[in-house]
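Comments concern the structure below.
Every read-out reported here was derived from the displayed coordinates using simple, explicitly stated rules and does not represent laboratory data. As the structure is a prediction and not an experimental result, all values here were calculated from the model. Note that each Cβ is placed from the backbone with ideal geometry, even for glycine, and that neighbours are counted across all protein chains shown.
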Amino acid sequence: MVVCKFGGSSVADAAQLRKIKQIIDSNPNRTIVIVSAPGKRRSDDEKVTDMLYGCAALVDQGKPCKPIFEKVVERYSTILDDLKIDRTEFDPLFRRIEAEINEGAGSHYAASRGEYLSAKVVAAFFGWEFLDTQDLITIENDGTVASSSYEKIARAIDPKKRYVVPGFYGSDSEGIIKTFSRGGSDITASVFARAVDADVYENWTDVSGIYAIDPRLTDKAKVIQELTYQEVRALAGVGANVFHEEAIAPLFHHSIPINVKNTNDPTAEGTWIRATRDYTNTPLAGVSAKAGYTRIVVQKLLLLKKVGIRQGMLTMLHVFGIHPTFTSSGIDSLAWYFDSSQANEQIVTALCVRLKDEFELDEVTVTTDIAITGVVGEGSSRLEGLTSKATGALAEEGIELMFLSVGSSPNTLLLGVPQNKQKEAAIALYSALF
């Protein structure tokens, strides 16, 4: 059995849906299809999910969502008409969804309707069964999937039938619709692949696999033939956005291979993601960078000699809504790196005052506009001279090294650089190491 997920660009219009049908028809083992909401058809277009979030925002302001929701209806109506699908079932659905958004169903419900309607359209086009995820996938408060979800899905699937499933959402413990983070249809597909013990999970997108560097940065970018689960997690963690980093979790201990493929070029091999790979000849997998980090550094003589102080300060960060992505330490100092969107300048300032007063710190400093660049590969820890080559490549381009993490991860070398040098740093590292 093959579980397939088709992203927003793959379901953007009727022409793309016809491509999907050809792909599905070419392999009878493709029996479960998970779909995203329609994405952009061109660069100046809007994603359906963004429009639906806009609908919820209007309602929060006490306004009806009709001005934006009509654009959503137009997108689906155009697809239905182009595919010559009877709209008798869909027009009442549009009106019901609009009414529920206007009645305050919330942003999770509004956003989920993009995938819901997309799956309804594809199921009608294929003549397959529609299977809703609201009653099958339970999403915990921390965003993880409840273990009971896998049993529910396994019971709901008849191996003799073929299903179209909406991605991106499930429900909370009370049965109220809840979405994953953006790109969460990848997670839905992973959950289904594990639940049915799929032979392969195919992730169909608009590129022919995962690149060793963002192909928009250099025409020398190459598709990676094979990656491990851990390498994908590491690349996604520093900005690569082809595959959702949390989608690895359901498959991690079940060794179900993932094949990232291109809807517009289905014969291309794409990228295979497996539990392990032979990295003898290809120790490095790729390089990626992510901007928008803030660093807080705390200093105090004999700081780490005091039992519990590290945990105490981290707890205070959490109270202020800050959850660090990366941490480093010195003899008498600690540094936390976090997504700058987690806290504005006023919150960070208030946090620093509290930290300094409560823990009697000598100094607290804040640095903004940092990018974290990662060089990823299962063989990176065994690659002689990697650190010197990487730092040398940045030095040659005159790029300041603000942060270096070696050894904290067995497959990733992390380098912090000024945010305005993010692209140059990624290109320099790729040129020197790949």
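General observations
- For the chain, adding -39500 (n - 2.57) for each run of n ≥ 4 DSSP H residues and dividing by the number of residues yields -11000 deg cm²/dmol at 222 nm.
- The chain: most fluctuating residue of 149, 381, 328 per GNM, C-alpha cutoff 10 Å: 328
- Given charges at Cβ of Lys, Arg, Asp, Glu: the chain dipole, positive-most of 189, 393, 128: 128
- The phi torsions of the range 409-414, fed into the Karplus equation with coefficients 6.51, -1.76 and 1.60 and a -60° offset, translate into couplings of 10, x, 10, 9, 9, 9 Hz, rounded to whole numbers, with Gly and Pro shown as x.
- For the range 130-202, GluC sites (Glu not before Pro) are listed when DSSP marks them as loop and at most 11 other Cβ atoms sit within 10 Å of their Cβ; the list is 174.
- Leading residue at positive end of dipole, the range 83-204 (Cβ point charges), from 159, 169, 99: 159
- Spin-label model, residue 40 to residue 381: label points 7 Å out along the Cα-to-beta-carbon direction sit 3.9 nm apart.
- Our coupling estimate for the range 175-185, obtained by passing each phi through the Karplus curve with A = 6.51, B = -1.76, C = 1.60 and θ = phi - 60°, is x, 8, 4, 9, 9, 6, 5, 3, x, x, 4 Hz, Gly and Pro reported as x.
- Each Lys and Arg adds +1 at its Cβ and each Asp and Glu adds -1 at its Cβ; summed about the Cα centre, the range 2-206 shows a dipole of about 480 debye.
- Straight-distance candidates among the lysines for linking to residue 305, with alpha-carbon spacing under 20 Å and chain neighbours fewer than 8 residues away dropped: 356.
- Neighbour counts of other Cβ atoms within 10 Å put 77, 255, 208 in the fewest-to-most order 255, 77, 208.
- Each residue of the range 196-210 was assigned a 3J(HN,Hα) from its phi angle through the Karplus curve 6.51 cos²θ - 1.76 cosθ + 1.60 (θ = phi - 60°); the sequence is 9, 6, 5, 6, 8, 10, 9, 10, 9, 9, 10, 10, 8, x, 9 Hz, with glycine and proline shown as x.
- Degrees, to the nearest 10: 14-25 long Cα axis against longest axis of the chain: 90
- Options 138, 37, 64, ranked by Cα towards positive dipole end of the range 2-206, top entry (Cβ charges): 37
- Computed about the Cα centre, the dipole magnitude for the chain is approximately 480 debye when only Lys and Arg (+1) and Asp and Glu (-1) carry charge, each at its Cβ.
- With both labels modelled 7 Å from their Cα along Cα-to-Cβ, the residue 84 to residue 26 distance reads 2.4 nm.
- Taking the DSSP beta bridges with both ends in the range 125-267, the antiparallel portion is around 40 percent.
- Length gained when the stretch residue 61-residue 306 is fully extended (0.36 nm per residue, less Cα-Cα span): 83.3 nm
- Our compactness index for the chain, the C-alpha radius of gyration over the empirical 2.2 N^0.38 Å, is 1.06.
- Looking at the chain, the DSSP beta bridges with both ends there are about 60 percent antiparallel.
- Across 137, 68, 256, mean-square fluctuation computed from a Gaussian network of the chain (C-alpha pairs under 10 Å connected) peaks at 68.
- GNM result for the chain, Cα springs below 10 Å: residue of 201, 109, 169 fluctuating most strongly: 109
- Multiplying the residue separation of residue 299 and residue 318 by 0.36 nm and subtracting their alpha-carbon distance yields 4.9 nm.
- Of the residues 352, 65, the one with the fewest other Cβ atoms within 10 Å heads the list, and the complete ranking is 352, 65.
- Put in order of Cβ neighbour count within 10 Å, fewest first, the listed residues 252, 403 become 252, 403.
- The residues packed around residue 231, meaning those with a beta-carbon under 12 Å from its beta-carbon, carry a net charge of 0 if Lys and Arg are +1 and Asp and Glu are -1.
- Separation of alpha-carbon centers, the range 369-433 and the range 1-80, rounded to whole Å: 37
- In the structure shown, the pairs 84/161; 290/423; 19/222; 40/290; 40/66; 5/71 are assessed against 19 Å; a Cα-Cα span above that value is assigned to 84/161; 19/222; 40/290; 40/66; 5/71.
- Between 0 and 90 degrees, the angle of helix 90-102 with respect to the longest Cα principal axis of the chain falls at about 40 degrees.
- Around the amide H of residue 326, modelled in the peptide plane, lie the amide H atoms of 337, all under 5 Å away and 5 or more residues distant in sequence or on another chain.
- Rel. contact order, % - alpha carbon contacts under 8 angstrom, at least six apart, the chain: 13
- 5 angstrom amide H check on residue 292, placed H, neighbours 5+ away: 370
- 0 to 90° range, to nearest 10: angle between helix 386-396 axis and the chain longest Cα axis: 80
- When both bridge partners sit in the range 286-433, DSSP labels roughly 100% of those beta bridges antiparallel.
- Rounded to the nearest 20 debye, the dipole size of the range 63-115 about its Cα centre is 180 debye, using +1 on the Cβ of Lys and Arg and -1 on the Cβ of Asp and Glu.
- Sparse-neighbour loop sites [GluC sites (Glu not before Pro); the range 378-434; at most 16 other C-beta within 10 Å; DSSP]: 384, 397, 400
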